[in-house]
Structures are given as structure tokens and as C-alpha cells.
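S.K.: Sharing a structure below in C-alpha cells format, with a few things to ask.
Derivation of every value follows stated rules applied to the coordinates shown; laboratory data play no part. All values reported here derive from a predicted model rather than from experimental measurement. For neighbour counting, all protein chains shown are included, and Cβ atoms are generated from backbone atoms with ideal geometry for every residue, glycine included.
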Amino acid sequence: MSKISLKQAFKRSTLLAALLVLGLSSCKKKMPFTRDGWHDGDGINFPNRYMMVEDLMATHKLKGMTYKQVVRLLHSPQRNSHTDKSFYYDITLEMKGIDTAYFKGLLFKLNADSVVTDVQVFEKTAKKKEK
């Protein structure tokens, strides 16, 4: 091979590698919402939810649904609060030993008639313990 073809081969492979890295880094993992996919998991971890939550909120009019309609769509929530009329679904849970290091959930707020008035994704990161 001549110097020119070696340089061209190097440039092409460098360009291809750069495009591959750029393409992979810009991909956000997303998938369309499905009821079964949302429910898939072991009761603690739900591997599809973080990829589906954006589509769920974009394609379903969650505000205005009743509690029962949401449960029919998403199955039973992980937590219910009767004091402030809210419930939520776990999206992502990361543990550090027995402590929760990071949590992301989908929160629904209800009015007195059990109709959804607000839906929001919330996140909590544990504070580092001081020694």
C-alpha cells in the first residue's frame, strides 16, 4: 500500500469510529409504552419503565383519568398515600447496600373524587453520609 492509501484508510476508519461513538452516545433508550412492558419486572426492579415513561406521558392523557383507570392501564402502584391523595410507580431504583442511592418515580395526585389532577416524574438522590 502506498502512503496515500494508508492515510485514506486511517482517515476513513477514524471517521467511522467517530460517527459510531457519536451515534451511540446520542441515543436515548426509548421504547413505546405497553401495559405488559410497564409491568415487566420482579416487583422491585422494572427494567422497561425508564424507557417507556416519556411515551406514556406523551400518548396517554393521564390527567383527568380516575384512579381505577390508571390502575387498569399501569397495574397497581408501588405506593399509595391516603393522607395527601397521591400514589406513585417506581421507574428506577438504585440501591447501595440496604440504602436507596437513587430513585425515580411517576407521581399521581388526586382530587376528592379520585380523579388525577397532576402527574409528574420525580427524582431523589440520597445524601452522602458523613463519617
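S.K.: For residue 45, what is the net charge nearby, where nearby means another residue's Cβ is under 11 Å from its Cβ and Lys, Arg count +1, Asp, Glu -1?
M.R.: Numbers: positive: 49; negative: 40, 42, 90, 94.
Overall, the nearby charge balance is -3.
S.K.: Now for a separate question. Under a Cβ-only charge scheme (Lys and Arg +1, Asp and Glu -1), can you give me the dipole magnitude of segment 31-125 about the Cα centre, in debye to the nearest 20?
M.R.: On the way: 12 positive and 12 negative charges, 63 e Å.
Once rounded to the nearest 20, the dipole reads 300 debye.
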